[in-house]
Amino acid sequence: MKINKTWIIVGVIALLVIILYSSIKGSYNNMVTKDEAVTSQWGNVENVYQRRLDLIPNLVNTVKGYAAHEQETFTKVIEARAKATQVNINPQNLNAESLKQFQAAQGELSSALSKLMVVVEQYPDLKANQNFLDLQAQLEGTENRIAVERRKFNEVAQDYNTYIRKFPKNIWASIFGFEKKNYFEAEAGAEKAPEVKF
C-alpha cells in the first residue's frame with residue numbers, strides 16, 4: 001500500500017512538472033513568435049520610410065531646375081532628410097523615447113516636404129512636368145504605404161502586448177524579459193482639423 005502511494009505522489013508530481021513545462025514552453029515560444037512579428041513589421045515600417053527618403057533627392061533636383069532661387073526650402077528638405085536618416089532604432093529596443101525621436105525626425109521631414117510642395121504651386125511649368133508628376137505620385141503612394149505599415153505595426157504590437165500581459169503569461173514574460181512594445185502615436189495637434197482659408 002505504501003508503494004502505491006509513493007507512485008501516485010511521484011506520478012502527480014511528474015504530471016504537474018509536464019503541465020508546467022508545456023505551459024512555459026508554449027507561452028515562451030508564442031512570445032518569441034509575436035516578438036519576431038513586431039520586429040518584422042518594424043522592418044516594413046523602416047522600408048517605406050526609406051523609400052520616401054530615396055525619392056526626395058530626385059524630387060528636390062527636379063524642382064531645383066524650375067525654382068533655383070528657392071534655396072532655403074531645398075536646404076531645409078535636405079537637412080531634414082539627413083536628420084531622418086540618422087535616427088536608427090534597434091527593433092529590440094522599441095521604447096517610447098526612441099519612437100518619439102524617430103517620429104520627430106520624420107515629422108520634420110514631412111513638414112519640409114510640405115513647404116516644398118507649396119513652392120511647387122508657384123511654378124505651373126513644373127506642375128506639368130512629367131518627371132515631377134511621376135515623383136509626386138510615387139511620394140503620395142509612399143505616404144499612404146507609411147500610414148498602412150504604421151497601422152499594421154500598431155496592430156502587431158498590440159497583439160504582442162496583449163499576449164504578454166495576460167495571466168499567467170505575464171509571469172513568464174517577466175521572468176524571460178519580454179517587455180511591452182510602444183505604438184506609433186499621432187503627431188501633436190493632429191486632433192485639430194487644419195484651418196483652410198480662401
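Consider the candidate values [x] 1.26; [y] 1.02; [z] 0.93; state which one is Rg/Rh (Cα atoms, Kirkwood Rh) computed from the structure displayed.
[x]
Which of 173, 67, 128 moves most in a GNM of the chain, Cα contacts under 10 Å?
Sorting by GNM fluctuation, first place goes to 128.
May I ask you to derive the relative contact order of segment 30-110, considering only C-alpha pairs under 8 Å and at least 6 residues apart, and to give it as an integer percent?
That works out to 30 percent.
Counting Lys and Arg as +1 and Asp and Glu as -1, each charge on the Cβ, what is the dipole of segment 46-176 about the Cα centre in debye, to the nearest 20?
About 560 debye.
Explain nothing, just the number: relative contact order of segment 46-176, from Cα pairs under 8 Å at least 6 residues apart, as a whole percent.
32 percent
We did not get these values from a lab; they are worked out from the coordinates using the rules stated. Quick caveat, the model's predicted, so the values are computed rather than measured. Every residue, glycine among them, receives a Cβ derived from its backbone with ideal geometry; neighbour counts consider all protein chains shown.
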